[in-house]
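*Asks:* So that we are looking at the same thing, I have put the structure below in structure tokens.
The values are calculated or read from the model by the stated rules, or taken from the named source; none is laboratory data. Bear in mind the structure is a predicted one, so any value in this text is a computation, not a measurement. With ideal geometry, Cβ positions are generated from the backbone for all residues, glycine too; neighbour counts draw on all protein chains shown. When the accessible area is computed, the model is the full protein with side chains, heavy atoms only, and any ligands, DNA or RNA have been set aside. Shrake-Rupley method; radii C 1.70, N 1.55, O 1.52, S 1.80 Å.
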Amino acid sequence: MEEADFIAFTERQTSFVAGLRPQDALSLSFATAIELLRSHFGAAVDIALSQEATDARVPGSELSRSIRSPRSSEGDGRWMRRTNIVGLNVRTVGTYAGVIKYVLTLPAVFDSIHLLPLWEPGVAGSLYGPASWNLNPEFTSEEMAAWAPYLDTSERQLRATTNLLHVMGRSVGMDVIPHADRFSEMSLANPGHFEWMRVEGGAIRDHSTGVGAEVAATIFGWLQESGPAVGPPDGLMPQTKEELFALDEPARLELLFGVPADRAGRDARRLELLMRLKWFGFEPVPATMGVPFRGITVAPTAPREDEHGMVWHDYEMLQPQYMSRVFTPLARYQLFDRVNENRDWEIDFSRPRTTTWAYVVNHYRRAAQQGNFDFMRGDMSHVQMRPDGVPDRVDEHYDVLAAVKAEIRREVPHFAYLAESFLPARDVFQYGEELDHLDASEADAALGDLQATVVGDQEYLRRFRRYLDDLATRSCAPAYGVMTADKDDPRFDEFYRAGNELRCLTALLLTDMPSYTALGFEVRDHREEPADNEYYTKLFVFRERGDTNRYPSKARHSDEFSWGTNDALFGRLTRIRLFVESIWDVIAEADTRWLIPPDATTLRGTAVWTQQGEPKFVIATNADLDRDSGFFGIPALHRKLALELAFSTHEGTPAVDHRLEHNGYFHRIENLRPGEGRVYRAVPPVTESNASK
């Protein structure tokens with residue numbers, strides 16, 4: 001890290017501290033980070049951190065409007081089709097203060113920040129199994145509270161963080177999760193919003209719709225016997241289960257579990273109630289993924305007994321197909337009634353459970369207000385359970401993620417939706433074509449699965465070309481996936497051993513295609529064998545304990561993320577980021593014109609593109625990691641243009657390629673080395689008249 005990099009940032013020569021590695025950024029004090037931001041952004045930083053601006057109860061104040069989102073002038077979510085997103089698991093940077101420090105290392109071209117789930121986690125500490133609607137206290141920063149005493153709650157710190165990210169020109173996204181921990185406060189305080197079953201003697205004995213009423217009666221009986229966690233005001237103690245579940249949710253939660261600030265007490269009460277339900281055999285039906293979705297049974301594997309003496313079974317599909325999965329720790333909200341009292345595990349899609357829809361939608365609307373968010377990442381967006389696919393009439397109860405987006409857009413017109421969908425073949429994750437479902441769900445963009453391929457192999461080329469075709473024809477834009485948290489896992493080291501520079505350059509210079517990059521990509525080590533689990537962001541999504549912290553174990557022995565030390569990669573990617581920043585104002589709004597599109601037949605690894613209208617730059621890439629491209633022509637460029645080399649991901653490009661003249665038929669390019677990307681500036685050609693000058 002060089003002092004010159006800090007000076008360049010404070011004097012606004014760069015939009016980021018270019019040589020600052022993530023781990024070094026986190027070693028800065030919060031006060032130092034704020035001073036750096038003040039020097040770059042001025043008084044807006046103090047406004048963003050002020051007591052009024054960090055109070056989510058006054059979102060309409062003049063002060064709040066002065067730090068509004070950089071997307072606030074957009075009329076809808078189509079901006080997401082062009083954004084470059086960085087995914088950030090707050091556990092890897094520790095706290096909300098760590099989020100701000102990390103973003104100092106990102107150039108402005110990364111204009112969206114996706115924060116992984118922020119709620120109290122459930123089983124195994126899973127961020128994707130929320131245990132309540134309370135913000136996760138582990139992300140609260142003592143540094144921030146010391147810097148400003150009123151920043152003493154998770155709610156205020158989250159708001160301060162999103163305010164600062166807005167000042168830094170970033171859109172900010174939250175997760176919307178259509179499920180919860182099976183024995184979460186959500187399910188135990190609202191049993192009618194979930195599907196229940198009775199498990200006895202190693203088998204599911206009853207999964208009819210009537211089980212839910214028995215669960216509600218058991219919860220009420222437990223409350224009568226154990227007494228309220230917090231003494232109710234006069235006349236508030238319910239006398240029947242109907243009165244209990246008619247209370248507004250905050251009052252019901254306090255009676256059952258206690259006040260939000262007493263997490264230990266709430267967890268103890270929840271465990272006590274969980275044990276009561278398990279004693280009667282009551283369990284929420286676990287969430288599933290993949291066709292056919294419905295119909296589960298107890299798996300033949302031996303059950304596990306926990307430290308409280310409760311027996312836990314694994315479950316499996318009755319008629320499993322290729323991607324069928326049962327997520328035993330999770331329960332999905334019951335959004336529709338069942339056919340024949342659920343005798344055959346069949347959903348009646350003509351009968352939406354409107355109170356459950358309203359429950360989910362309103363909670364996420366409040367979450368969006370609380371954090372002043374600009375977009376949502378819809379978790380498990382690929383779940384489409386209707387065997388007949390998208391119906392002839394798509395209404396407000398087609399998809400709950402679409403309903404959440406629609407509700408938030410009433411107050412935030414620019415609010416956008418990024419789908420966690422991997423665009424597989426039809427009838428794999430979902431019934432029918434996934435993009436049909438995503439278009440009907442009002443998704444603006446989808447993650448796709450380029451990050452699950454090795455640059456240059458046949459699958460990479462096929463998917464890339466298919467995504468570009470879909471980008472041109474669909475309202476939901478497939479993203480260029482560089483790396484996601486799901487793929488930063490020991491199983492996927494092979495994806496990132498080479499080709500990382502090409503991924504970075506392509507993601508940033510395809511200006512009309514969204515991209516997604518997970519934190520840590522820029523310093524990720526080259527690994528031929530799995531490293532300790534502490535080096536993988538995926539293993540920080542949950543907390544597993546065990547004797548070994550090496551794959552295939554998912555256990556970690558430390559709560560501190562271990563950053564990669566690949567300084568060579570960091571240097572190369574920093575070169576790319578600085579170059580892209582230097583030309584960004586010229587190309588940011590451009591649509592792409594393909595000169596040589598990625599080859600779906602996989603016979604060649606080259607791809608070349610420029611900008612629609614008057615070309616400013618021409619980008620040539622070789623995705624083949626094993627061989628040079630050989631010489632080839634770039635067709636369809638005007639003969640009155642010459643191409644002058646502006647940048648290469650590989651230093652030392654041969655002098656013969658520094659300038660390309662039109663030969664009467666095309667511009668001839670010499671060998672692109674394996675994994676190389678070059679950028680040529682379009683300039684006037686050399687002619688006899690201007691050569692003499």
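*Asks:* Tell me, please, whether a residue that is in a helix (DSSP H, G or I), at pLDDT 95 or above and either under 23 Å from K101 (Cα atoms) or open to solvent by 30 Å² or more (accessible area, probe 1.4 Å) (or both) can be found in the stretch 527-535.
*Replies:* yes
*Asks:* Failed condition for M323, given (1) open to solvent by less than 20 Å² (accessible area, probe 1.4 Å); (2) over 19 Å from A180 (Cβ atoms); (3) hydrophobic (A, V, I, L, M, F, W, C); (4) under 27 Å from the mean Cα position of the chain (by Cα), with all others met?
*Replies:* Going through (1) open to solvent by less than 20 Å² (accessible area, probe 1.4 Å); (2) over 19 Å from A180 (Cβ atoms); (3) hydrophobic (A, V, I, L, M, F, W, C); (4) under 27 Å from the mean Cα position of the chain (by Cα) one by one, M323 breaks only (1).
*Asks:* Still on this structure, please answer the following. Looking at P107, P70 in this structure, which one is within 30 Å of P478 (Cα to Cα) and open to solvent by 40 Å² or more (accessible area, probe 1.4 Å)? It would help to see each step written out before you state the result.
*Replies:* Values: P107 fails: open to solvent by 40 Å² or more (accessible area, probe 1.4 Å).
Answer to the selection: P70.
*Asks:* I'd like to verify a number: residues in the stretch 614-669 that are among the aliphatic types (A, V, I, L, M), in contact with a strand residue (DSSP E or B) (Cβ under 8 Å, 6 or more places away or on another chain) and assigned to a loop (DSSP other than H, G, I, E, B), how many?
*Replies:* As a first pass, look at the stretch 614-669 and keep what is among the aliphatic types (A, V, I, L, M): 618-620, 623, 625, 634, 636-637, 641-643, 645-646, 655-656, 660, 669.
This time we only want the ones that are in contact with a strand residue (DSSP E or B) (Cβ under 8 Å, 6 or more places away or on another chain), so: 618-620, 623, 634, 636-637, 641-643, 645-646, 660, 669.
Still in the list and also assigned to a loop (DSSP other than H, G, I, E, B): 623, 636-637, 641.
Qualifying residue count, the stretch 614-669: 4.
*Asks:* Which of the residues belonging to the stretch 184-204 are over 21 Å from P352 (Cα atoms) and in contact with a Gly (Cβ under 7 Å, 6 or more places away or on another chain)?
*Replies:* Result: S184, R198, V199, E200.
*Asks:* Scan the stretch 154-171 and tell me whether some residue there is surrounded by 22 or more Cβ atoms within 10 Å (Cβ to Cβ), assigned to a strand (DSSP E or B), touching a His at 6+ places or on another chain (Cβ under 7 Å) and of a type outside the set (A, V, I, L, M, F, W, C).
*Replies:* no
*Asks:* Looking at E214, is it open to solvent by 60 Å² or more (accessible area, probe 1.4 Å), in contact (Cβ under 8 Å) with a residue 12 or more places away in the chain, farther than 29 Å from F327 by Cβ and in a helix (DSSP H, G or I)? Spell out how you get there, then give the answer.
*Replies:* Details: open to solvent by 60 Å² or more (accessible area, probe 1.4 Å): yes; in contact (Cβ under 8 Å) with a residue 12 or more places away in the chain: yes; farther than 29 Å from F327 by Cβ: no; in a helix (DSSP H, G or I): yes.
So E214 does not fit the description; no.
Matching residues to (1) in contact (Cβ under 8 Å) with a residue 40 or more places away in the chain; (2) under 13 Å from S171 (Cα atoms); (3) among the charged types (D, E, K, R):
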residue: G87; (1), (2), (3): yes, yes, no
residue: Y96; (1), (2), (3): yes, no, no
residue: I100; (1), (2), (3): yes, no, no
residue: T105; (1), (2), (3): yes, no, no
residue: L116; (1), (2), (3): yes, no, no
residue: E120; (1), (2), (3): yes, no, yes
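*Asks:* Considering every residue within the stretch 471-489, establish whether at least one is free of Cβ contacts under 8 Å to residues at least 40 places away in the same chain, small (G, A, S) and within 20 Å of V109 (Cα to Cα). Give the derivation first.
*Replies:* In the first step, residues of the stretch 471-489 are kept if they are free of Cβ contacts under 8 Å to residues at least 40 places away in the same chain; the result is 472-475, 480-482.
In the following step, the residues that additionally are small (G, A, S) were identified as 472, 475, 481.
Going one step further and asking which of them are within 20 Å of V109 (Cα to Cα), we end up with 481.
Yes, some residue in the stretch 471-489 is free of Cβ contacts under 8 Å to residues at least 40 places away in the same chain, small (G, A, S) and within 20 Å of V109 (Cα to Cα).
*Asks:* Of the residues E120, E143, E138, E155, only one is of a type in the set (D, E, K, R) and in contact with a Phe, Trp or Tyr (Cβ under 6 Å, 6 or more places away or on another chain); which? Reasoning before the result, please.
*Replies:* Values: E120 fails: in contact with a Phe, Trp or Tyr (Cβ under 6 Å, 6 or more places away or on another chain); E138 fails: in contact with a Phe, Trp or Tyr (Cβ under 6 Å, 6 or more places away or on another chain); E155 fails: in contact with a Phe, Trp or Tyr (Cβ under 6 Å, 6 or more places away or on another chain).
Only one candidate qualifies: E143.
*Asks:* Is it the case that the stretch 393-401 has a residue that's at negative phi and under 18 Å from the mean Cα position of the chain (by Cα)? Walk me through how you get there before you give the answer.
*Replies:* Kept after step one, since they are at negative phi, are these residues of the stretch 393-401: 393-401.
Adding the requirement that they be under 18 Å from the mean Cα position of the chain (by Cα) leaves 400-401.
The answer is yes, given that some residue of the stretch 393-401 is at negative phi and under 18 Å from the mean Cα position of the chain (by Cα).
*Asks:* Return the total of residues in the stretch 1-46 being among the acidic types (D, E) and farther than 20 Å from L578 by Cα. Reasoning before the result, please.
*Replies:* First, the residues of the stretch 1-46 that are among the acidic types (D, E): 2-3, 5, 11, 24, 35, 46.
The next check asks that each one be farther than 20 Å from L578 by Cα; those that pass are 35, 46.
Residues flagged as among the acidic types (D, E) and farther than 20 Å from L578 by Cα within the stretch 1-46 amount to 2.
*Asks:* Also, quick follow-up: Condition check: open to solvent by 10 Å² or more (accessible area, probe 1.4 Å), small (G, A, S) and within 23 Å of D152 (Cα to Cα). Does A97 satisfy that?
*Replies:* Values: open to solvent by 10 Å² or more (accessible area, probe 1.4 Å): no; small (G, A, S): yes; within 23 Å of D152 (Cα to Cα): yes.
So A97 does not fit the description; no.
*Asks:* Could I ask something else about it? In the set E254, E249, E200, E185, which member is in contact with a strand residue (DSSP E or B) (Cβ under 7 Å, 6 or more places away or on another chain), among the acidic types (D, E) and touching a residue at least 24 places away in the same chain (Cβ under 8 Å)? Lay out the reasoning, then the answer.
*Replies:* Working: E254 fails: in contact with a strand residue (DSSP E or B) (Cβ under 7 Å, 6 or more places away or on another chain); E249 fails: in contact with a strand residue (DSSP E or B) (Cβ under 7 Å, 6 or more places away or on another chain); E200 fails: in contact with a strand residue (DSSP E or B) (Cβ under 7 Å, 6 or more places away or on another chain).
Unique residue meeting the criteria: E185.
Here is a yes/no grid of residues against (1) modelled with pLDDT of 95 or more; (2) under 30 Å from L247 (Cβ atoms); (3) buried (at least 16 other Cβ atoms within 10 Å of the Cβ); (4) not hydrophobic (A, V, I, L, M, F, W, C):
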site: A331; (1), (2), (3), (4): yes, yes, yes, no
site: R338; (1), (2), (3), (4): yes, yes, yes, yes
site: F349; (1), (2), (3), (4): yes, no, yes, no
site: V361; (1), (2), (3), (4): yes, yes, yes, no
site: Q370; (1), (2), (3), (4): no, yes, yes, yes
site: D379; (1), (2), (3), (4): yes, yes, yes, yes
site: Q384; (1), (2), (3), (4): no, no, yes, yes
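*Asks:* So how many residues does the stretch 538-552 have that are open to solvent by less than 30 Å² (accessible area, probe 1.4 Å) and over 24 Å from the mean Cα position of the chain (by Cα)?
*Replies:* Qualifying residue count for the region: 1.
*Asks:* I need the full set of residues from the stretch 8-27 which are under 18 Å from L88 (Cβ atoms) and of a type in the set (D, E), in order please. Walk me through how you get there before you give the answer.
*Replies:* Applying the first criterion (under 18 Å from L88 (Cβ atoms)) to the stretch 8-27 yields 15-17, 20-27.
Result: D24, single match.
*Asks:* Hey, another quick one. With (1) open to solvent by 60 Å² or more (accessible area, probe 1.4 Å); (2) closer than 20 Å to V523 by Cβ as the list, and F579 as the residue in question, which single condition is left unmet?
*Replies:* The number of the failed condition is (1).
*Asks:* Kindly list the number of the only condition in (1) open to solvent by 60 Å² or more (accessible area, probe 1.4 Å); (2) in contact (Cβ under 8 Å) with a residue 12 or more places away in the chain; (3) of a type in the set (S, T, N, Q) that fails for T601.
*Replies:* Condition not satisfied by T601: (2).
*Asks:* Can you tell me which residue in the stretch 584-598 is surrounded by the fewest Cβ atoms within 10 Å (Cβ to Cβ), limited to those that are in a helix (DSSP H, G or I) and without any contact (Cβ under 8 Å) to a residue 40 or more places away in the chain?
*Replies:* Only one residue tops the list, namely D585.
*Asks:* Mind counting the residues in the stretch 249-272 that are buried (at least 20 other Cβ atoms within 10 Å of the Cβ) and aliphatic (A, V, I, L, M)?
*Replies:* Within the stretch 249-272, residues that are buried (at least 20 other Cβ atoms within 10 Å of the Cβ) and aliphatic (A, V, I, L, M) number 3.
*Asks:* Go through (1) open to solvent by 40 Å² or more (accessible area, probe 1.4 Å); (2) farther than 22 Å from A287 by Cα; (3) touching a residue at least 12 places away in the same chain (Cβ under 8 Å) and name the single condition E243 misses.
*Replies:* (3)
*Asks:* Which condition does D181 not pass, out of (1) over 24 Å from the mean Cα position of the chain (by Cα); (2) buried (at least 24 other Cβ atoms within 10 Å of the Cβ); (3) among the charged types (D, E, K, R), if it passes all the others?
*Replies:* (1)
*Asks:* If you go through the stretch 358-370 one residue at a time, do you hit one that is touching a His at 6+ places or on another chain (Cβ under 7 Å) and either without any contact (Cβ under 8 Å) to a residue 60 or more places away in the chain or over 13 Å from V176 (Cβ atoms) (or both)? Break it down into steps so the answer makes sense when it comes.
*Replies:* Of all residues in the stretch 358-370, those touching a His at 6+ places or on another chain (Cβ under 7 Å) come to 359.
After this cut, where a residue has to be either without any contact (Cβ under 8 Å) to a residue 60 or more places away in the chain or over 13 Å from V176 (Cβ atoms) (or both) as well, the list is 359.
Yes, because at least one residue in the stretch 358-370 is touching a His at 6+ places or on another chain (Cβ under 7 Å) and either without any contact (Cβ under 8 Å) to a residue 60 or more places away in the chain or over 13 Å from V176 (Cβ atoms) (or both).
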